[in-house]
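Written out below as structure tokens is the structure these notes cover.
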Amino acid sequence: MPAYPSSDAHLICDALVPLAPGSGASAVTSRLLELFTSGSIAPGARLPPERRLAEVLAVSRSAVREALATLDTLGVVETRPGAGTFLRSQRSAVLPESIRWSMLVGERDLEELVELRSALEIHAAWLAAERAPAATAARLSPHLDRAAANLDDLGVFIDADREFHRELARATGNTTLQDLLDITHGLLRSLAGGTPEARRLAGIALDEHRAVLTAIASGDPEAASAAMRSHMRTAAQLLRAEAAA
């Protein structure tokens, strides 16, 4: 009996070839995105396990894991606990634009994405403080607490950081803004790593998150946007360092 009996998994594996030596999460994401948007894989198809994808693509499992997380953020795949990862039946309406931007972020593209994300995050902080400060602060606090408790575990810290920003976007009530932020988060996610610079900046980012939360809780849009602008400078510094590494 074959190790991976699912016909969906076999179709996906048969359509993939090894990537160039040293390929990372961005290359894996780009290749899978190309396959899943080609129409050759049926919506709802179950993906092969991470280990199998890593074998077929000749990359590390961590590269596959980060790529799948990015595709999840973009709305291309979904993970069902206990069942596996599946190609979504319905794609995000903004997905074609994310494909056009490309997953292989070069120096120029990185700067443009950083600028775009900063503008969106600053405006999101303003709207959140203006529209539902108390409720938003209550939903943000658990993500901040989780980040604070995991400064020594950068993977968990980054996940908590991402959820903090996603919750903030949801608080705006603007679904288009949420979609655009999801795309920029997904495109930049593969650059978040474990370099010494990332660990150094984690504590700074935590303090800046606290300042954003305090401003939102007080219902002060100007303070919230100013605090987020400061945080975006730190985030940009981190992304440039990770890209250089």
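The values are calculated or read from the model by the stated rules, or taken from the named source; none is laboratory data. Keep in mind that this is a model prediction, so the values were computed, not measured. Please note: Cβ atoms are built from the backbone with ideal geometry, for glycine as well, and neighbour counts cover all protein chains shown.
Okay, residues lined up against (1) outside the structural domain of A25 (by TED's automatic domain parsing); (2) within 22 Å of A25 (Cβ to Cβ); (3) part of a helix (DSSP H, G or I); (4) not charged (D, E, K, R):
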position: H165; (1), (2), (3), (4): yes, yes, yes, yes
position: R170; (1), (2), (3), (4): yes, no, yes, no
position: T176; (1), (2), (3), (4): yes, no, yes, yes
position: L188; (1), (2), (3), (4): yes, yes, yes, yes
position: A211; (1), (2), (3), (4): yes, no, yes, yes
position: I216; (1), (2), (3), (4): yes, no, yes, yes
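Listed by first and then second residue, the pairs linking a residue in the stretch 32-47 that is within 21 Å of R80 (Cα to Cα) to a residue that is of a type in the set (K, R), with Cβ atoms under 7 Å apart and 6 or more places separating them unless they lie on different chains, are P43/R88.
For E167, indicate whether it is in contact (Cβ under 8 Å) with a residue 60 or more places away in the chain and within 21 Å of A226 (Cβ to Cβ). For E167, the condition - in contact (Cβ under 8 Å) with a residue 60 or more places away in the chain and within 21 Å of A226 (Cβ to Cβ) - is not met.
Consider the stretch 36-60 and keep the residues that are β-branched (V, I, T) and outside any helix (DSSP H, G or I). The one that is surrounded by the fewest Cβ atoms within 10 Å (Cβ to Cβ) is T37.
Results for (1) under 29 Å from E34 (Cβ atoms); (2) at pLDDT below 95; (3) among the hydroxyl-bearing types (S, T, Y), shown as yes or no for each residue.
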{"site": "T79", "(1), (2), (3)": "yes, yes, yes"}
{"site": "T85", "(1), (2), (3)": "yes, yes, yes"}
{"site": "V105", "(1), (2), (3)": "yes, yes, no"}
{"site": "P142", "(1), (2), (3)": "no, no, no"}
